[in-house]
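First comes the structure, then the notes that go with it.
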Amino acid sequence: MRRRSLLLAAVPAGLVTVAGCGDDKSGKGAGGTSSSPASPAPSATSAAPPPKIVEGPLPAITAGTKFDEKPTVAKGSGSPSKDLAVKTVIAGGGRTVAENDYIQANYLGQIWDTAKVFDNSYDRKTPLVIQLAQGGIIDGWRYALAGRKVGSRVLMAVPPTWGYGTQGNPQAGIKGTDTLVFVVDVQNTFNAKSSAKGETVAQSDSDLPKVGTNTDGKAPSIDLPKVKPPTGLVAKYVIEGDGDEVKADNTVLVQYKGVLWDTGKEFDSTYGRGQLASFSLQQVVKGWAQGLTGKKVGSRVLVVIPPKLGYGDNPPSGSGIKKDSTLVFVVDILAKM
């Protein structure tokens, strides 16, 4: 069983806790935040064998032909392939996407036979961030996008076997016999080696921890001062990105490392697990929610959390965190979801 993140708010014993961060399999998209009934999260864990990938047939993109422009796609002509048809319409030059990466992408999906659009992110003006992992996304996406590069536009036709299966997706009007056509604009990809990107900010307060500014995907250092911890919340840029500001109700994709102020002992880290974390800021301890709200995507943030905004006198069992501990986190905000 995957380790439960220590970032969730502590609750009194006997109450049911919320699900662990980054483990959402609700069918609502990565982080459970998609409002669309037909986002490419699967309705059930797939057990289908890997598909044969072929070049066609595929319908034409008749308008909106530029990268990240909402496309118009013709109706499928004739019978679709029983295999997974994939074509890179625009070849990007960025990093290669691998299975189990998180991707950030705009997309449009429609039904082969009717050209009925059942979902698109362009109108929402919010790209999807989702993990290309079995059970977390339909297999058509998982197999079609692995190996493509950031900056690419990918056109695919997904048979039911690697889509929503024989049950379809009735809420979206998708039958169990429908082949689905997707256009996907891959904006970015993230994995366990991802780091903040931006301008380094001077760390001039000698009473605060000094944080490493490496962006090589390795855990940054945290040098603690030999002074008493601050009594209030501290949230300061170490690296300032240029992305959108995080809102209090956002779900974020992050790298992070947490240590205790008193001892410097590390108690939690995505670097140690080799796995990114995604969670809603409404699920975490108050210090996290308040410290990251208003910060820009792409940034590295130092967050020092006093006990009243952390776990107080009720730290998670087995965490190594003592009562009334001040917590020090370094957080790389990779994306909001």
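Readers should treat all values here as calculations from the given coordinates under stated rules, not as data from a laboratory. Predicted, not measured: the structure shown is a model, and the values here were computed from it. A quick note on method: Cβ atoms are made from the backbone with ideal geometry, for glycine too, and the neighbour counts reach across all protein chains shown.
Worth a mention:
- Neighbour counts of C-beta atoms inside 10 Å place THR72, THR62 in the sequence THR62, THR72, starting with the fewest.
- Mean separation of Cα contacts under 8 Å, 6 or more apart, over the residue count of region 126-200: relative contact order %: 28 percent
- Using C-alpha pairs under 8 Å with a sequence gap of at least 6, the mean separation divided by the residue count of the chain gives a relative contact order of 17 percent.
- Cα shape, region 129-266, gyration tensor, a/c 1.5 rule: prolate
- Across LYS218/LYS336; LYS52/LYS87; LYS210/LYS296; LYS218/LYS308, pairs whose alpha-carbon gap is larger than 23 Å: LYS218/LYS308
- Ranked by the mean number of other Cβ atoms within 10 Å of their residues, highest first, the peptides 143-151, 315-323 come out as 143-151, 315-323.
- Share of alpha-carbon pairs per 5 Å distance bin for region 34-190, given as whole %: 2, 10, 21, 25, 24, 14, 4, 0
- Overall form of region 199-336 per C-alpha gyration tensor (a/c, 1.5; a/b vs b/c): rounded
- With helices as the sole contributors, the chain gives -1000 deg cm²/dmol at 222 nm; each DSSP H run of n ≥ 4 counts as -39500 (n - 2.57), and the sum is divided by every residue.
- In a simple Cβ point-charge model (Lys, Arg +1; Asp, Glu -1; nothing else charged), region 34-190 has a dipole of about 180 debye relative to its Cα centre.
- Normalised contact order of region 78-231, rounded percent, pairs of Cα under 8 Å and 6 or more residues apart: 26 percent
- One chain, two ends: THR96 and LYS82. Fully extended at 0.36 nm per residue, the span grows by 2.4 nm beyond their Cα-Cα distance.
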